[in-house]
Amino acid sequence: MGIRLMMKQVQTFAASLFALAALACSPGGVTTTGGGGGGGGGFADAGLPSNGRVTDGIAALYLFNEGTGNTIYDTSQQIPALDMTIQTPGSVSWTADGLSINAAASITTSADRITQSCQASNAITVELWAQTADITQTASRIFDFGTGPNDINFSIAQNESDAEARLRTTSTIELEGEVSETSSLVDVLAISGTHLVYSRSGITDEYALWVNGQRTEVGELAGSFSAWLPGASLSIANEPLGNRPWRGDIYLAAVYCRALAPEEIIRNYDEGY
């Protein structure tokens, strides 16, 4: 589906996922114990939790295991915690594995700490475990950091059969986001959930999009994060103003202010959610 989104000041990447449907995995995975990756300067060492996920450079981590209530806790152990508030409790329901978003929802938190930390490194990894509820959703934000529908610092979204990752740098200020033709993200999401990871290095400018432990796209995106919008909100299943709703199940969401190495991304995938 070759589409041009009227989304300025960001660059968009998409991945073809149909061939990866067989790789969709059920919750859980192999426990690993080795340390992960290079330095995540400016972050407290959150330690290695019992599930063995990579924690070096973590900025925010949501496990969606609360099971009740209107708060989704940031378990990254960074200060201040970026706990999210479910402002529309009637739109969601808790499950044994995560949070189901059944209607347009508002789930947000202010996150200046992420802006400051990622601007210092000019690097990022955004990670999700998610499963769509609707194969026809378009321009629907699964995980978003911005100030409005057309003003984002980063986002991961579903656009029918596309997985879209968007990132703002100084080199994308005058660019419209463009979606390449892709196929069947939702075939994977509808089976048992999909692990989506977008990373960008502040050293090499290399970006990569990963799906279920497989790198599906790689390229180079120049520029720094100094163009990031101040006062941005971190949002689940929508953007801060409520104009890009998404319906489905969320099992995990994380932000690192560094680019995870391939072995670290695979490690997190093996851990499941």
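Brief remarks on what is shown
- Test: residue in region 206-215 that is touching a helix residue (DSSP H, G or I) at 6+ places or on another chain (Cβ under 8 Å) and either modelled with pLDDT under 85 or among the basic types (Lys, Arg) (or both): yes
- Residues (farther than 21 Å from Ser199 by Cα and not aliphatic (A, V, I, L, M)) located in region 128-146: Thr132, Asp134, Thr136, Gln137, Thr138
- Restricted to region 69-87, and to residues there that are in a loop (DSSP other than H, G, I, E, B) and under 17 Å from Leu99 (Cα atoms), the residue that is farthest from the chain's Cα centre (by Cα) is Gly69.
- The selection criterion, being modelled with pLDDT under 90 and crowded, with 24+ Cβ neighbours inside 10 Å, holds for Ala163.
- Restricting region 130-176 to residues that are in a strand (DSSP E or B) and acidic (Asp, Glu), the residue that is farthest from the chain's Cα centre (by Cα): Glu176
- Those residues of region 196-225 which are aromatic (Phe, Trp, Tyr) and either over 15 Å from Ala261 (Cα atoms) or loosely packed, with under 15 Cβ neighbours inside 10 Å (or both), in sequence order: Phe225
- Scanning region 111-120 for residues that are hydroxyl-bearing (Ser, Thr, Tyr) and either buried (at least 23 other Cβ atoms within 10 Å of the Cβ) or part of a strand (DSSP E or B) (or both) yields one hit, Ser117.
- Boolean, Thr147 is closer than 26 Å to Pro262 by Cβ and not small (Gly, Ala, Ser): no
The values are calculated or read from the model by the stated rules, or taken from the named source; none is laboratory data. Predicted model only: the values in this text are computed from it and were never measured. For neighbour counting, all protein chains shown are included, and Cβ atoms are generated from backbone atoms with ideal geometry for every residue, glycine included.
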